[in-house]
Amino acid sequence: MNDFQEYLHAKRTVDDRALNRRVLARLRVELPDAPRTVEAGAGIGTGITRLLDWGVLPEGVEYTAIDNRSENAAVAREHLLDAGFSQEDDRLVRDDTTVSLVAGDAFEVLSDGEYDLLVAQAFLDLVELDDALPALFEALSPGGLAYFPITFDGETVFEPAHPLDDRVLGAYHRDMDREGSSETGRKLLAAVPKAGGELLAAGSSDWVVYPPYSGDERVFLDHILDTVEGALADELGEGLQEWLAARRRQLRDDELVYIAHQLDVLARV
Ligand SMILES: C[S@@+](CC[C@H](N)C(=O)[O-])C[C@H]1O[C@@H](n2cnc3c(N)ncnc32)[C@H](O)[C@@H]1O
C-alpha cells in the first residue's frame, strides 16, 4: 500500500467511532430492498464492507465503487477478497451481493437516474460543492437517497494547545478552501434544498483521536501531520517546523489529541 492507502486503512477505526448513528439509522429505514448503490470517491473500499457488515445495506445489493486513483481499486479488490468476496468476471461477489470497482472521475462515470443510493464519504469537501451536488443528484432515480458522511466542517483541534495553533490551523483551512471548502458540512445543509433535495437527517461525526491510540491510529495521526506539512511548507517556514516538531514529539510520547469536526448528511432527491 502507498502512504495514502495506509492512511485510508488506518482511518477505518476513527470513522467507525465517528459515524453518526442517528443518520445511519434513518438511512437504514429509508432504503428500498436491494438498492442499486454507487459510491463516489470510494478509496480502498472500506465503506462498502462497513455498510454491509453493520447491516445498513441489505445483502443482494449491487454496488458500484468509483475512485479516480486507479491504484485504489487494486487495494479495494484485496480488501473485498479478504472480506469473503470472490472475483467473477469483472465483479466481486459475496452471496447475492455484487461490487464493481471503477477507476475514473465520478463526475464522468456516473450516468443519469441509475441509482437508488449514492454514497460520498469524506468527498464533498474536496470538490466545488455548488457544481458537484447537482451532478451527483442526477445519478439518482426519483426518490433516491444521497448519503454524505464525514464531511469536514471547519474546526480542527490539536491538544495540548500550542501558541502557533491559530496561525497553522487558519492557514491549513485556507489551503483546503483552494479546491473545495473547509466549511462544506454546514454549507451542505443549504446546498441540498437549493439543488432540489430534501434533508432527511444530519448530525456530527467528529473524529476524536486520543491516547492510548487504538489500531493504526498513530499512523492516521502521522499522516494528518504530514498533510498539514505538505499544505503549508511554503507558507509558514520555521514556525510550522516548530509546531510540527512539537506535535510529532507529542504523538511519539502518547500525548497528542486530535479532533476534526464533521457532519453526516442524508438527503432524498
Ligand atoms: C479523503 S478520500 C476518502 C476515501 C473514502 N471515501 C474513505 O472515506 O475512506 C477521497 C477519495 O476521493 C477520491 N476522489 C477525489 N476526487 C474524485 C473524483 N472526481 N472522482 C472519483 N474519485 C475522486 C480520491 O482518490 C480519494 O480516494
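Only the coordinates and a few stated rules stand behind these numbers; no lab work does. Note that this is a predicted model, so its numbers are computed, not measured. Heads up, the Cβs are rebuilt from the backbone with ideal geometry, glycines too, and the neighbour counts pull from every protein chain shown.
When the Kirkwood radius is taken over all Cα pairs of region 3-268, what Stokes-Einstein diffusion coefficient follows at 37 °C and 0.692 mPa s, in µm²/s?
Working: Rh = 19.2 Å.
Result for D is 171 µm²/s.
The charge dipole of region 3-268, taken about its Cα centre with unit charges on the Cβ of Lys, Arg, Asp and Glu (plus for the first two, minus for the last two), comes to roughly 760 debye. Top mean-square fluctuation among Thr184, Thr97, Thr64, Gaussian network model of the chain, C-alpha springs under 10 Å? Comparing Thr184, Thr97, Thr64 in the GNM, the peak value goes to Thr97. Going 7 Å from the Cα of Arg69 toward and past its Cβ, which residues in region 189-223 have a backbone nitrogen under 19 Å from where you end up? Correct set: 216-223. Taken one residue at a time, the phi angles of region 103-114 give Karplus couplings (6.51, -1.76, 1.60, θ = phi - 60°) of 8, x, 6, 3, 6, 9, 7, 5, 10, 5, x, 9 Hz. Gly and Pro are set to x. Shown for the chain are the DSSP H helices of 15 Å or more along their axis, judged by Cα atoms, with a mean Kyte-Doolittle hydropathy of at least -0.5: 70-82, 217-252. Spin-label pair Arg249-Glu108: with each label point 7 Å from Cα along the Cα-Cβ axis, the two points sit 4.8 nm from one another.
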